[in-house]
1. Quick test for you: out of Glu133, Glu137, Glu124, pick the one residue that is closer than 21 Å to Trp286 by Cβ and among the acidic types (Asp, Glu).
2. For the stretch 270-298, enumerate the residues that are in a loop (DSSP other than H, G, I, E, B) and farther than 12 Å from Ala99 by Cα.
3. Quick one: is Glu133 in contact with a strand residue (DSSP E or B) (Cβ under 6 Å, 6 or more places away or on another chain), surrounded by 19 or more Cβ atoms within 10 Å (Cβ to Cβ) and either more than 23 Å from Phe3 (Cβ to Cβ) or not charged (D, E, K, R) (or both)?
4. Tally the residues that are of a type in the set (Lys, Arg), in contact (Cβ under 8 Å) with a residue 40 or more places away in the chain and farther than 20 Å from Arg117 by Cα, restricting the search to the stretch 165-218.
5. In the stretch 15-34, which residue that is charged (D, E, K, R) and more than 16 Å from the chain's Cα centre (by Cα) is surrounded by the most Cβ atoms within 10 Å (Cβ to Cβ)?
6. When you scan the stretch 65-88, do you find a residue that is among the polar types (S, T, N, Q), closer than 30 Å to Leu261 by Cα and not in a helix (DSSP H, G or I), even just one?
7. Can you name the residue in the stretch 92-130 that is charged (D, E, K, R) and part of a helix (DSSP H, G or I) and is also surrounded by the most Cβ atoms within 10 Å (Cβ to Cβ) among such residues?
8. Given the criterion surrounded by 16 or more Cβ atoms within 10 Å (Cβ to Cβ), assigned to a helix (DSSP H, G or I) and either modelled with pLDDT of 95 or more or over 20 Å from the mean Cα position of the chain (by Cα) (or both), identify the matching residue among Leu45, Leu54.
Amino acid sequence: MFFALALLAYILDKVFGELPGKHPVMWMGDFIQAFERHFYRNSILSGGLLVLALVGLSLSLSLLAVYVCGLLPAWLALPVLALMASTGLAMNMLHASVAAILTADHPRQAIRLLVSRDTDSMDETAVYKAALETWAENLSDGVIAPLLYLLLFGLPGLAVYKAINTLDSMVAYKTERYLYFGRVAALADDAANYLPARLTALGLVLVSAQRRRAWQCALRDGNKLDSPNAGWPIAALAGALGVGLAGEAFYHGQLKPKPILGDALGPVTEATLRQGLQLRATIDGWLIALLVLGVLFS
């Protein structure tokens, strides 16, 4: 396992956040758009070829980066690899993006940047609920999952995961255009996030002051959403905070019914969002401590 690499990458993201310049995910997005312009067919074959192309390219470039770093002096190779790996971890950006809802002059416009649902008719409660769901779900997709694959497989594992996750965010929609084209991307993302989503839920249970309730809500409600993974961290966070999350929302002008996750013991307010975001300090502490232990005993 790559404990030292994962530890240094996480610390770099914690201290510096996003590095200047074009983010690797944006390059992946450019590749997806170019492939779609030239080779789009609403078929599983065409979408599958896109997945193979981007995953193969990401893997090849990451292996090349590892090889080049292997030519550097040992004291320099690890920091360079960690700096590259830190671009795949999004704790700082995620936390800042969600926390921006608290200070935004127009919260509905701010939440629009983070969610795919319609926001024009949202009231204050709906905005805070959407922010908490974004925090929980992306804690898995943007932090725990990439960190896990970095830990297990090094930079190539992280690169492959980010490629799959970017594909899911861009083409894995159940719309007329992407129903078949995005099918392989959606399945790949479901598989890649199966374990991280459940580890994220477990982590939220452990850092919660209401561990029993958070655990019960995760077990009871984790599988209630259409996504096999998104419900787990959302349900755990809902239980930790004693609120109900998810529920019906408008997408592309149509009301989509969704079950409520958690126990609605109180309203979702600005204070609830602050309480959810405050879990970051404990999560950081747990992750860094576990990685340090891994370095010491590996």
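The values are calculated or read from the model by the stated rules, or taken from the named source; none is laboratory data. Nothing here was measured: the structure is a model prediction, and the numbers come from that model. Cβ placement follows ideal geometry from the backbone for every residue including glycine, while neighbour counts extend to all protein chains displayed.
1. Testing whether each residue is closer than 21 Å to Trp286 by Cβ and among the acidic types (Asp, Glu) leaves just Glu137.
2. Ser298
3. Yes: the conditions hold for Glu133.
4. Count: 2.
5. Among those that are charged (D, E, K, R) and more than 16 Å from the chain's Cα centre (by Cα), it is Asp30.
6. Checked the stretch 65-88: no residue is among the polar types (S, T, N, Q), closer than 30 Å to Leu261 by Cα and not in a helix (DSSP H, G or I).
7. Lys129
8. Leu54 is the lone residue from the list that is surrounded by 16 or more Cβ atoms within 10 Å (Cβ to Cβ), assigned to a helix (DSSP H, G or I) and either modelled with pLDDT of 95 or more or over 20 Å from the mean Cα position of the chain (by Cα) (or both).
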